Amino acid sequence: MTQPTIESILHEDRMFPPPEEFSAQAELKSLEEYRRLYQEAAANPEKFWADLADKELQWFQKWDKVLDWQPPFAKWFVGGKINISYNCLDRHLTTWRKNKAAIIWQGEPGDSRTLTYAQLHREVCQMANVIKQLGVKKGDVVGIYMPMIPEAAVAMLACARIGAPHTVIFGGFSAEALKDRLKDAEAKLVITADGGWRKDAIVPLKEQVDKALGDNAVPSVDNVLVVKRTGNKIHMEPGRDHWWQDLQANAKADCPAEPMDSEDMLFILYTSGTTGKPKGVVHTTGGYNLYTHVTTKWAFDLKDTDVYWCTADIGWITGHSYIVYGPLSNGATTVMYEGAPRSSNPGCMWDVVEKYGVTIFYTAPTAIRAFIKMGEHLPKARDLSSLRLLGTVGEPINPEAWMWYYRVIGSSKCPIVDTWWQTETGGFMITPLPGAIPTKPGSATLPFPGIIADVVDLEGNPVGDNEGGYLVIKHPWPSMMRTVYGDPDRFRRTYWEHIPPQDGKYLYFAGDGARRDKDGYFWVMGRVDDVINVSGHRLGTMEIESALVSHPAVAEAAVVGKPDDLRGEAIVAFVTLEDSYRASEQLEKELMQHVVGEIGALARPAEIRFSEDLPKTRSGKIMRRLLRNLAAGQEIAGDTSTLQDRGVLDKLRGGA
Ligand code: WTA
């Protein structure tokens, strides 16, 4: 199966109207209803969001001003006081939801746990008290480096409760990557676990934390809180490291939620960009709470009876917005799974659906392609009849994978919501509302009410129907990122000046190519910058290049993505060596391992090509476009007249 190409999706004209019985029970029941709501929101976005903020959330104090927009810096619900942990927990305790399952957790070795809202509240309060006891104050950043266990969500909510911004670092990142992020965020405390389960093996998380903090490399970190999960032997640094379970035993089960300013920072989440240094994307409290709440409610058509499962890791934005904050703010039951399909248990995902009667299942195209490869017999051998809605996120979905998902997993009765959004946007931007918007395989369909999206050229002019262009957002929205942590200039340049503002009008540049068809449907084509998408994970080619050149053998490196059936894109690195080194299979392995050590296994190159030289322009810029063609085994496309030495290409083709 191949990735979507312009040709393949231009010919995609299948359309699936929402099933009648689905629409009948949905909050938004028809395209007309969506259009009406969309028009209403577009005519007065501030009123639209303010009405929802009033209706959907509990505020300690109402805002004075809905939006303060000093492009490109936005403030939402200025002067309002709110706490997202309160909205996710406390407000449900006065209702019947008190004893409803908040988190259903399935562990990898087969253990499981359910936490009701009351139980979750209790644990969050305990952890909040422990964090305070360890010296964390409002405004201090806490690093969270955890496996997919309930304590990961507990840690996030505990931080939010006392006003300590969290920065969750995906458990697959290496000690080096962890160190860089903790340093940039100036974290005071790290919350981790002795280990986590991953495909029948233990991931030694605490060992990575020890490495990251070794030689006092992150002086801001005073304490490490360690959750006992796997029971493997770990080192505990006296005075610095504390077992969560020990401190929990004496922690008070009550901790009032701190009234936060609507614009107080809720979290920093690092994501890859086009430079070697990951960006700390900053999200704040009120707008993020509102937007994740409303998008979860409408795009998943969430009901109190739903058992909702998002398969992401909490280390990514999808886990933040759509495992933890959005679902819990709605009082939903959210499933967390520590495991992943593996050869010893290829059908495990479907076991989880069957065991808990999952009704809404949200995953990534790369996972769907893996399910297809593993075979229909696996889901067919389980009872998936509880499912009523499916979702995808992370990369463009090829129409054939969409059709398989629809037919095999959804028994041709579940709508599919293909949600386009980003770490930076905080929540869904373009997505079907499943009872209202007919879907087309491969299209994220129409913008969410309140979102003014467009496809434009580099001058900001809208392009015609079905013409390729850049995806932009034309009006601020409540959960937009506020800045790059510590680097407002980078925020301005990357997102708001890529397309030069005209007449004071700023466009948010998403970094994705897209086209819009005659029905106004958006078809996202993928990144147009030096970011690649490997198995739904976003990686900057420059980060991988920096990792490679930090190895003594490497003189120069250029990294590109090549199309890959399973992963979407695979990493190909072109490397030139220092004089005293010779290319060998062993060196190739060593360099791959070096990248894993610098970033994590998710960044391991699929292929390293040694070369005497790299194609460059006369001004010395590496021509990645040509390398992309070479990596994909395609003819060299486009203009090569700026190439400094044309002989380089022939050598590269010959595999020199
Ligand atoms: C891609 C993940 C097509 C896109 C939520 C975006 C998608 C990047 C889709 C953000 C989708 C995400 N269709 N492409 N439904 N969803 N993308 O920050 O390139 O990890 O810019 O956020 O993923 O990745 P991020």
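Quick look at the numbers
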read-out	value
Some residue of the range 555-570 being assigned to a loop (DSSP other than H, G, I, E, B), more than 16 Å from the ligand (Cβ to nearest atom) and not hydrophobic (A, V, I, L, M, F, W, C)	yes
Among residues of the range 509-551, those that are over 30 Å from GLU588 (Cα atoms) and more than 10 Å from the ligand (Cβ to nearest atom), counted	8
Residues satisfying the stated conditions in the range 285-297, i.e. part of a helix (DSSP H, G or I) and either crowded, with 24+ Cβ neighbours inside 10 Å or within 16 Å of the ligand (Cβ to nearest atom) (or both)	GLY286, GLY287, TYR288, ASN289, LEU290, TYR291, THR292, HIS293, VAL294, THR295, THR296
Single residue of the range 60-77 satisfying the filter (free of Cβ contacts under 8 Å to residues at least 60 places away in the same chain and touching a strand residue (DSSP E or B) at 6+ places or on another chain (Cβ under 8 Å)) that is surrounded by the fewest Cβ atoms within 10 Å (Cβ to Cβ)	ASP64
Some residue of the range 276-284 being at pLDDT below 95 and surrounded by fewer than 21 Cβ atoms within 10 Å (Cβ to Cβ)	yes
Every residue from the range 499-516 that is buried (at least 17 other Cβ atoms within 10 Å of the Cβ), farther than 22 Å from GLY394 by Cβ and in contact with a Gly (Cβ under 9 Å, 6 or more places away or on another chain)	ILE499, LEU507
Search result, residues across the range 83-130 that are in a helix (DSSP H, G or I), of a type in the set (Phe, Trp, Tyr) and touching a helix residue (DSSP H, G or I) at 6+ places or on another chain (Cβ under 7 Å)	TYR117
In the range 392-447, the residues that are within 21 Å of THR359 (Cα to Cα) and polar (S, T, N, Q)	THR392, SER411, SER412, THR419, THR431, THR439
Any chance TRP496 is touching a residue at least 40 places away in the same chain (Cβ under 8 Å), of a type in the set (Phe, Trp, Tyr), within 11 Å of the ligand (Cβ to nearest atom) and farther than 30 Å from LEU614 by Cβ	no
1 or more residues crowded, with 24+ Cβ neighbours inside 10 Å and touching a Leu at 6+ places or on another chain (Cβ under 8 Å): qualifying strands (runs of 3 or more DSSP E) within the range 141-204	142-145, 166-168, 189-193, 196-198
Subset tally (residues that are on the phi > 0 side of the Ramachandran plot and at pLDDT below 95) for the range 475-521	2
Subset tally (residues that are more than 16 Å from the ligand (Cβ to nearest atom) and touching a strand residue (DSSP E or B) at 6+ places or on another chain (Cβ under 7 Å)) for the range 389-414	3
Tabulated pairs, the range 364-387, first under 12 Å from SER411 (Cβ atoms), second of a type in the set (S, T, N, Q) and in a loop (DSSP other than H, G, I, E, B), C-beta under 9 angstrom, 6+ apart or interchain	LEU384/SER411; SER385/SER411; SER386/THR359; LEU387/THR359; LEU387/SER411
Checklist (1) surrounded by fewer than 16 Cβ atoms within 10 Å (Cβ to Cβ); (2) touching a residue at least 24 places away in the same chain (Cβ under 8 Å) applied to ASN223, failing item	(1)
Residue within the range 425-438 that is in contact with a helix residue (DSSP H, G or I) (Cβ under 9 Å, 6 or more places away or on another chain), away from the ligand (no atom under 16 Å from the Cβ) and part of a helix (DSSP H, G or I) present	no
Set GLU12, GLU27, GLU32: member being more than 30 Å from GLY513 (Cβ to Cβ) and in a loop (DSSP other than H, G, I, E, B)	GLU27
Output for the range 477-493, where each listed residue is more than 14 Å from GLY280 (Cα to Cα) and in contact with a Pro (Cβ under 8 Å, 6 or more places away or on another chain)	TRP477
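Residue-by-condition table, conditions (1) modelled with pLDDT of 80 or more; (2) in a loop (DSSP other than H, G, I, E, B):
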residue	(1), (2)
ARG582	yes, yes
LYS589	yes, no
GLN593	yes, no
ILE608	yes, no
GLU612	yes, yes
LEU627	yes, no
LEU630	yes, no
GLY633	yes, yes
GLY655	no, yes
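The values are calculated or read from the model by the stated rules, or taken from the named source; none is laboratory data. A quick note: this is a predicted structure, and the numbers were derived from the prediction, not measured. Counting neighbours? That spans all protein chains shown, and the Cβs are built from the backbone with ideal geometry, glycine included.
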